[in-house]
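S.K.: Mind having a look at this structure? Questions to follow.
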Amino acid sequence: MNLYRDATWVYEDLLNASKTTKRTSGSLQSIVLNSCKRYKLKSNPKHIFALVNSVYSYSELLNYMYTRSKIDKDIPLRKKKVDGIDNVDTKNKKVKIYSEITLKLLIHDLFLSKSKRIQMGKHPIKDFVIKHKTRLNSELVRFKIKHKISKNEDAKNINNNIDAFSDITPVRWFRLNLVKIDDIENCVSELRKKYINRVSHWEEIKDNTDIYYDEFIPNLFGVLPSSKLTSHELYKRGKIIIQDRASCFPAHILNPKHNDIIIDSCSAPGNKTTHIASYIFGDTHGPAVNEKNSDPSYQIFAFEKDAERGKTLAKMLRIAGCEKLVKVNIGDFTKLATPQDYTQVTGFIVDPTCSGSGIFGRKIVDKLNKDKRDKEGEEGEEEQEQEQEQESIDSKDEIERKNRLIKLSSFQFEIVKYALSFPNAKKLVYSTCSIHPEENERVVIDLLLDKQVKKQGWKLRPRSEVIPDWPRRGLLQEFEQVFPKDEEATALAESCIRALPKKDGGIGFFAVCFERN
């Protein structure tokens with residue numbers, strides 16, 4: 001029952017967000033996580049997210065089943081309470097003991113989940129839903145006939161204008177955690193017991209027994225998202241870590257060696273941080289000795305501005321066996337880390353706050369914001385033509401988007417420029433999970449043109465040293481506008497890496513490496 005109770009509160013937060021005029025930011029996943037923190041919920045946030053996400057995608061069907069079955073008419077009532085005491089005034093209406101949202105969560109699991117069962121023991125609300133199973137099923141059948149669909153899955157996001165399958169990753173990527181693995185071949189042999197069919201490309205992954213060995217990132221594998229990877233013993237022991245392929249680019253491009261000292265400036269949730277550890281400590285399982293940095297026992301310094309996200313980072317480091325290998329600093333990197341205190345730092349990963357336009361789970365939030373704008377348009381002057389009204393809404397949306405990107409790109413430029421000022425840094429990888437050039441190529445261009453950055457000798461590492469076989473590179477037209485020589489513009493664009501959401505097997509991403517001798 002706890003899962004349904006907790007999911008009810010989170011879903012209410014999602015619905016409340018849709019009613020406010022304020023723009024909803026982040027992704028559905030971030031809304032769920034924030035709600036879990038606010039209410040101090042004990043249920044696993046991943047389980048709540050999966051349930052809330054699925055219920056929202058089936059909202060049209062669930063609303064139909066709930067309303068047409070008239071199940072709400074049979075909900076038991078209780079007297080209202082005033083200050084915790086039963087209100088005996090007969091003039092006051094009685095209230096229903098079951099929430100509509102909670103009932104829809106149970107109906108979803110009974111009819112639309114894989115197990116087709118309600119995940120709780122004996123309970124009156126479960127008995128109530130099962131009692132109405134026949135009536136609810138009749139409405140499910142009517143809905144499918146009405147919309148000319150044969151499978152329950154086809155009812156996802158009807159009238160939501162959301163492509164259910166475009167907002168989830170096509171591949172579940174995971175990598176070996178070399179900090180905890182002594183014998184890679186033995187670990188791969190364990191994987192083969194579950195994933196017996198090796199395919200030659202991620203698009204060929206069709207079955208829960210299929211596995212793809214990535215050709216770009218060493219020790220990275222892809223399986224179906226529906227594969228129960230988290231139940232695998234290797235995952236439970238922290239020997240494999242779920243991480244999108246594109247998210248693995250920064251550490252691989254940086255390619256730190258055993259004696260390198262690295263700062264991860266915006267480190268939570270910690271996947272990139274632990275990936276750095278795999279490169280530095282992969283076959284030593286401990287720090288190098290006699291390093292003259294600000295703390296001789298550490299070679300990786302992780303900074304995280306947000307205290308709550310810092311807790312997530314600490315948990316990730318414990319799971320990965322890196323808690324003694326990484327020094328965690330909670331606070332603003334540009335305030336806590338000064339170049340004079342970290343003179344021996346040789347490399348950086350800077351993956352700052354961005355629009356998140358390349359990640360999955362945003363389409364629901366984008367729809368919430370669009371619905372708000374549409375509602376604002378409907379509340380405008382009635383004599384406006386619908387076409388003009390829509391143009392006004394779209395123009396407002398574009399202005400809002402551009403203003404937000406200007407603020408983000410300004411912050412991104414400043415934090416990268418600050419990291420480039422560390423005296424002995426030789427390499428820096430800048431990355432975002434954004435598809436917008438404002439946060440990617442244009443930030444890179446501004447840095448290359450900056451007098452201080454030029455004076456410090458920073459250039460872009462060429463394509464030949466930045467995953468050269470990866471086909472999708474930076475946007476050439478962005479560099480052509482600033483660098484008139486075709487060869488120079490092409491070389492700079494080729495130095496950048498891009499990944500498109502879904503099309504490249506995972507999230508949208510951008511990465512580039514600055515280097516100097």
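S.K.: Quick check: from the Cα gyration tensor, does the range 447-493 come out rounded (a/c under 1.5), prolate or oblate?
M.R.: Values: a/c = 2.48, a/b = 1.31, b/c = 1.89.
Oblate.
S.K.: Find which of Cys187, Val141, His108 sits farthest along the positive direction of the dipole of the range 99-201, computed with +1 on the beta-carbon of Lys and Arg, -1 on that of Asp and Glu, about the Cα centre.
M.R.: Going by the Cα projections, it comes out as Val141.
S.K.: What shape does the range 129-238 take by its C-alpha gyration tensor, where a ≥ b ≥ c are the square roots of the eigenvalues and a/c under 1.5 counts as rounded, a/b above b/c as prolate, and the rest as oblate? Please report the intermediate quantities before stating the final value.
M.R.: On the way: a/c = 3.22, a/b = 2.28, b/c = 1.41.
In terms of gyration-tensor shape, prolate.
S.K.: Going from most exposed to least, what order do Leu408, Leu254 have by accessible area with a 1.4 Å probe?
M.R.: Per-residue accessible area, sorted high to low, gives Leu408, Leu254.
S.K.: Which order do the peptides 274-281, 421-428 take when ranked by the mean count of other beta-carbon atoms within 10 Å per residue, highest first? Can you show the working numbers first?
M.R.: Numbers: 274-281: 25.5, 421-428: 18.0.
Result, highest mean first: 274-281, 421-428.
S.K.: Taking the Cα centre as origin and putting +1 on Lys and Arg beta-carbons and -1 on Asp and Glu beta-carbons, what dipole magnitude results for the range 193-332, to the nearest 20 debye?
M.R.: Working: 19 positive and 18 negative charges, 104 e Å.
Dipole size: approximately 500 debye.
S.K.: Just reorder Trp202, Trp9, Trp173 by solvent-accessible area, largest first, 1.4 Å probe, all chains present. Display every interim value, and only then the final one.
M.R.: Numbers: Trp202 30, Trp9 100, Trp173 5 Å².
Accessible-area ranking of Trp202, Trp9, Trp173, largest first: Trp9, Trp202, Trp173.
S.K.: A follow-up question, please. How do Met120, Met1 stack up against each other in accessible area, from largest to smallest, with a 1.4 angstrom probe?
M.R.: Working: Met120 20, Met1 80 Å².
The most accessible residue leads, giving Met1, Met120.
S.K.: Let me ask something else about it. With the contact rule set at Cα under 8 Å and sequence spacing of 6 or more, what percent relative contact order holds for the range 408-481?
M.R.: Values: 34 pairs, mean separation 26.2, N = 74.
Normalised by residue count, the contact order of the range 408-481 is 35 percent.
S.K.: First select every other residue whose beta carbon is under 10 angstrom from the beta carbon of Leu41; then total the charges, Lys and Arg +1, Asp and Glu -1. List each step's numbers first, then the result.
M.R.: Working: positive: Arg5, Lys37, Arg38, Lys40, Lys42; negative: Asp6.
Every neighbour counted, the sum reads +4.
S.K.: Let me ask another. Taking the Cα centroid of the range 23-75 and of the range 194-224, what is the distance between the two, rounded to the nearest whole Å?
M.R.: Centre-to-centre distance over Cα atoms comes out at 32 Å.
S.K.: Could you size up the charge dipole of the range 297-342 around its Cα centre, putting +1 on the beta carbon of Lys and Arg and -1 on that of Asp and Glu, and report it in debye to the nearest 20? Walk me through the intermediate numbers first.
M.R.: Values: 8 positive and 6 negative charges, 35 e Å.
With only Lys, Arg, Asp and Glu charged at Cβ, the dipole is about 160 debye.
S.K.: May I pose another question? How big is the dipole moment of the range 138-240 about its Cα centre under a simple scheme where the beta carbon of each Lys and Arg is +1, that of each Asp and Glu is -1, and everything else is neutral? Debye, nearest 20, please. Show your work: numbers first, answer last.
M.R.: Details: 18 positive and 16 negative charges, 109 e Å.
That gives the range 138-240 a dipole magnitude of about 520 debye.
S.K.: Could you tally the net charge around Ala489, taking each other residue with its Cβ under 15 Å from the Cβ of Ala489, Lys/Arg +1 and Asp/Glu -1?
M.R.: On the way: positive: Arg442, Lys459, Arg463, Arg473, Lys485; negative: Glu441, Glu478, Glu480, Asp486, Glu487, Glu488, Glu494.
That sum, taken over residues with Cβ under 15 Å, equals -2.
S.K.: Over the range 171-214, what is the relative contact order in percent, taking alpha-carbon pairs closer than 8 angstrom and at least six residues apart?
M.R.: Numbers: 30 pairs, mean separation 13.3, N = 44.
Here the relative contact order equals 30 percent.
S.K.: Please name whichever of Val482, Leu492, Cys513 sits farthest to the positive end of the charge dipole of the range 478-517, dipole taken about the Cα centre and charges placed at Cβ: Lys and Arg +1, Asp and Glu -1.
M.R.: Of Val482, Leu492, Cys513, it is Cys513.
S.K.: On the full set of protein chains, 1.4 Å probe, figure out the accessible area of Thr353 and give it in Å² to the nearest 10.
M.R.: 90 Å²
S.K.: Starting from the Cα gyration tensor of the range 393-513, take the square roots of the eigenvalues, sort them a ≥ b ≥ c, and report rounded, prolate or oblate (rounded when a/c is under 1.5, otherwise prolate if a/b is larger than b/c, else oblate).
M.R.: Numbers: a/c = 1.56, a/b = 1.21, b/c = 1.30.
Judged from the Cα gyration tensor, the range 393-513 comes out oblate (a/c at least 1.5, b/c at or above a/b).
S.K.: In nm, what is the difference between 0.36 nm times the number of residues separating Lys148 and Thr67 and their Cα-Cα distance? List each step's numbers first, then the result.
M.R.: Working: separation 81, 0.36 × 81 = 29.16 nm, distance 1.99 nm.
Length gained, Lys148 through Thr67: 27.2 nm.
S.K.: If I model a spin label as a point 7 Å beyond the Cα along the Cα-Cβ vector, how far apart are those points for Lys485 and Glu398 in nm?
M.R.: The two pseudo-label positions are separated by 3.6 nm.
S.K.: Give the residue from Gly238, Ser265, Ile217 lying farthest towards the positive end of the charge dipole for the range 212-270; charges sit on Cβ (+1 for Lys and Arg, -1 for Asp and Glu) and the dipole is referred to the Cα centre.
M.R.: Gly238
S.K.: Oh, and also: Express the relative contact order of the range 442-507 as a whole percentage, based on alpha carbon pairs under 8 Å and six or more residues apart in sequence.
M.R.: Averaging sequence separation for qualifying contacts and normalising by length gives 32 percent for the range 442-507.
The values are calculated or read from the model by the stated rules, or taken from the named source; none is laboratory data. Remember, it's a predicted structure, so these values are computed and weren't measured experimentally. Ideal geometry is used to build each Cβ from the backbone, glycine not excepted, and the neighbour counts take in all protein chains shown. In case anyone asks, the SASA skips ligands and DNA or RNA and just uses the protein heavy atoms, side chains included. Shrake-Rupley method; radii C 1.70, N 1.55, O 1.52, S 1.80 Å.
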